[in-house]
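A short worksheet on the structure shown next.
Every number in this text was worked out from the coordinates using simple rules, so none of it is lab data. This is a predicted model, so every value here is computed, not measured. With ideal geometry, Cβ positions are generated from the backbone for all residues, glycine too; neighbour counts draw on all protein chains shown.
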Amino acid sequence: MMKKLLLFALLGLFVACSGPANDSKNSLANAKLIGNYGETIDAKGAISPREMMSQLAKADTINVKVQAEITATCAMKGCWMNLKLEDGEEMRVTFKDYAFFVPKEGMEGNKAVIEGVVSRTMTDVATLKHFAEDAGKPQIEIDAITEPKKEYTFEASGVIIYAETE
């Protein structure tokens, strides 16, 4: 009887400590797959942008798998996308060897899992203007770009895009 009681107590402790089955902030359990792009990857082991930034604080470049919200994609070809970081900033994502693209429109607000290399970089004015043109920004905004920008860039070898479902 004592063994059974101890077994049930341990089982209860295990269930209580294991946490919820899915974290609503990072879970893709209620998401619909839109597509896989580039190398085949999966969502297992993807970290948050906050965890990525913590790791990047210790190195200028790291290999990582991240899950974040898409804020924009290249309207011209789908050759880049921006993902939301925890501090409200965005991170530019390009695709390894320019070998694949993502959908050009309608991806904003969806979740992406990306795997590859993230770096802290200084982006020059010409490149910033090119990205603004690709995004369809008005000429007045493009002309206002006069300084290089410190930012985070990510070269993805693989991307998965999910749409949230209710």
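Give, in whole angstrom and from largest to smallest, the semi-axes √(5λ) of the equivalent ellipsoid of the range 17-166, with λ running over the eigenvalues of the Cα gyration tensor.
Working through the eigenvalues yields semi-axes of 26, 18, 14 Å.
Classify the range 55-103 as rounded, prolate or oblate from the Cα gyration tensor: take a ≥ b ≥ c as the square roots of its eigenvalues, call it rounded if a/c is under 1.5, otherwise prolate when a/b beats b/c and oblate if not.
oblate
What's the magnitude of the charge dipole for the range 23-164 around its Cα centre, counting Lys and Arg as +1 and Asp and Glu as -1 at the beta-carbon? Answer in Debye, nearest 20.
260
How much length is gained if the chain between ALA163 and LYS150 is pulled fully straight, taking 0.36 nm per residue apart and subtracting their Cα-Cα distance, in nm to one decimal? Could the numbers behind the result be given before it?
Details: separation 13, 0.36 × 13 = 4.68 nm, distance 3.02 nm.
Going from the current span to full extension adds 1.7 nm.
Suppose every Lys and Arg Cβ carries +1 and every Asp and Glu Cβ carries -1, with no other charges. What dipole size does the range 82-151 come out with about its Cα centre, to the nearest 20 debye?
160
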